[in-house]
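Visitor: Structure below; questions to follow.
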Amino acid sequence: MLYTLKRKDEIVTLADFLEDGSVYKFYQDMVHPEIAPLHDANDHNWLRRWWKRRSVPVSQGHIKDMLEKKGLLGSEDYLLRNLGLSLTDCYWIAPLDSGLTWKDVNLFDNEFHGDLLIGTGEAEEKDKIPHYTPNGSLQGSLEKSWIILDGERGMIKGNRDRYSSESINEVIASKLHELQGFEAYTEYRLIRINGREYDYGCYSKLFTSQEKELIPAYDVVISEKKPNDISTFEHFINICGKHGMDTEMLRHFMDYVILSDFVLSGRDRHLENVGILRDTESLQFIGPAPVYDSGKCLFVQDSVPVSDRDLLSIKTESFAGDELKMLRLVSDRSCLDITKLPARSYIEGLYALDSKMDESRIALIGEAYERKIDLFRRFQLGEDLNKIKISVSGRGKGGNHICPEQ
């Protein structure tokens, strides 16, 4: 099956797809690199890798059941049938000689069905044209869905179990950014989702458009071979500078993100959860994408640490493998105002909305959050948290208690 990979109405290359939706081959000599998705020019398999990463993970929510119900051969088949369309960029594929244009299919303007999370599939049975969804390219393992709500495009996210913790954590993170007066964040609010065990999911507005698109940090760092003498973090900063971004501004932004994640014990700032906004016409990097996907924080699906040593031993998926190594990347310790953080009572009040959450766990989270703020204060005053971690003894040495929710 031959398709043209396009950026809006510009042809990037011609590709042949297998029945399961995977890329069989593409015509490397026909590629227009100046408009192609960001990739390593020395990787001759880049399109196969890009397409596979673009497809929704089978582990996400109820994707596997949906694929089986529809008789699809996998997530790449699902992506292919929806022309590779996304709400985060302007790439798509058109069947050869189909005559389809960007105006016909783009999901920033055209209606789409987006009921994987909140519906029963009824919208997919309606006779609508175009009959596509952006959910075929939606990343992450948490169940989620793009929707059009009251005429506005946005995302609804659920939780991994019967608790509302991850959705509540998104709201807590939003509150932190609001109190800081930090504007570059995605605002989340709680929303009821029918037919789920948990009480609340969360909703956020779309922050991309036909004028600005999202480039995950992962795509940035793999677009060029990293020199052996610099970190992945510095490699990311350097490449962004080559694409027109103010690197000092980016470094300040990343300092803020690392510090706010530390306060909330966020451990999931992997390179798909950090992004860059790019101008869709000039292809110049505009600036960092608003902070998003902060739900995996405050010990969700984990035991609550009862000692400072354990609070300083949190592993991370990010530019470094734990929180203390992440702090070493910070240039400006003062860019987060410790006097403008959500109160413990605010956090405990939000968790109390979850009818399934244990009161004792809520209290322990509140206590750990206050201790984390104290550790952050000591870090801002110049103390070495590694030395604090090593010196801690006796107090809370018994380890973690109060099991995670599930």
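The values are calculated or read from the model by the stated rules, or taken from the named source; none is laboratory data. Everything numeric here is computed off the predicted structure, so don't read it as measured data. Virtual Cβ from ideal backbone geometry, glycine too; neighbours counted across all protein chains shown.
Visitor: Take the residues in segment 247-276 that are charged (D, E, K, R) and in contact (Cβ under 8 Å) with a residue 12 or more places away in the chain; name whichever of them is nearest to Val171 (Cα to Cα).
Guide: Initially, segment 247-276 is screened for residues charged (D, E, K, R), giving 248, 251, 255, 261, 267-269, 272.
In the following step, the residues that additionally are in contact (Cβ under 8 Å) with a residue 12 or more places away in the chain were identified as 251, 255, 261, 267-269, 272.
On the way: Arg251: 25, Asp255: 21, Asp261: 14, Arg267: 16, Asp268: 16, Arg269: 17, Glu272: 20 Å.
Here the residue is Asp261.
Visitor: May I ask you to list the residues in segment 303-333 that are among the polar types (S, T, N, Q) and over 25 Å from Ser391 (Cβ atoms)?
Guide: Going residue by residue through segment 303-333, those that are among the polar types (S, T, N, Q) are 303, 307, 313, 316, 318, 331.
Result: Ser318, Ser331.
This table checks each residue for (1) over 25 Å from Ala217 (Cβ atoms); (2) touching a helix residue (DSSP H, G or I) at 6+ places or on another chain (Cβ under 6 Å); (3) without any contact (Cβ under 8 Å) to a residue 40 or more places away in the chain; (4) hydroxyl-bearing (Ser, Thr, Tyr).
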| position | (1), (2), (3), (4) |
| --- | --- |
| Leu73 | yes, no, no, no |
| Leu80 | yes, no, no, no |
| Gly84 | no, no, no, no |
| Leu87 | no, yes, no, no |
| Trp92 | no, no, no, no |
| Ser98 | yes, no, yes, yes |
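Visitor: Can you tell me how many residues within segment 216-275 are within 17 Å of the chain's Cα centre (by Cα) and among the basic types (Lys, Arg)?
Guide: The number of residues fulfilling the criteria is 2.
Visitor: Starting from residues that are at pLDDT 95 or above and assigned to a loop (DSSP other than H, G, I, E, B), keep the ones in segment 229-262 and report whichever is surrounded by the fewest Cβ atoms within 10 Å (Cβ to Cβ).
Guide: From segment 229-262, those at pLDDT 95 or above are 229-243, 245-262; that's our starting set.
Keeping just the survivors that are assigned to a loop (DSSP other than H, G, I, E, B) gives 229-231, 243, 245-246.
Working: Asp229: 6, Ile230: 12, Ser231: 15, His243: 16, Met245: 21, Asp246: 13.
That would be Asp229.
Visitor: Right, here's the next one. Quickly run through segment 196-224 and pick out the residues that are of a type in the set (Lys, Arg), farther than 19 Å from Ser282 by Cβ and either at pLDDT 95 or above or touching a Leu at 6+ places or on another chain (Cβ under 7 Å) (or both). Working first, answer last.
Guide: First, pick out the residues of segment 196-224 that are of a type in the set (Lys, Arg): 196, 205, 212.
If we keep only those that are farther than 19 Å from Ser282 by Cβ as well, we get 196, 205.
Listed by number, the list holds a single entry, Lys205.
Visitor: Follow-up. Quick one: in segment 119-146, of everything that is in a strand (DSSP E or B) and within 17 Å of Gly84 (Cα to Cα), which residue is modelled with the lowest pLDDT? Break it down stepwise before answering.
Guide: Filtering segment 119-146 for residues in a strand (DSSP E or B) gives 144-146.
Remaining after also requiring within 17 Å of Gly84 (Cα to Cα): 145-146.
Values: Ser145: 90, Trp146: 93.
Filtering segment 119-146 for residues that are in a strand (DSSP E or B) and within 17 Å of Gly84 (Cα to Cα), the one modelled with the lowest pLDDT comes out as Ser145.
Visitor: Which of the helices (runs of 4 or more DSSP H) found entirely inside segment 59-108 contain at least 2 residues meeting this: within 26 Å of the chain's Cα centre (by Cα) and surrounded by fewer than 19 Cβ atoms within 10 Å (Cβ to Cβ)? Can you show your working first?
Guide: Working: elements: 63-70, 75-81, 102-105.
Output list reads 63-70.
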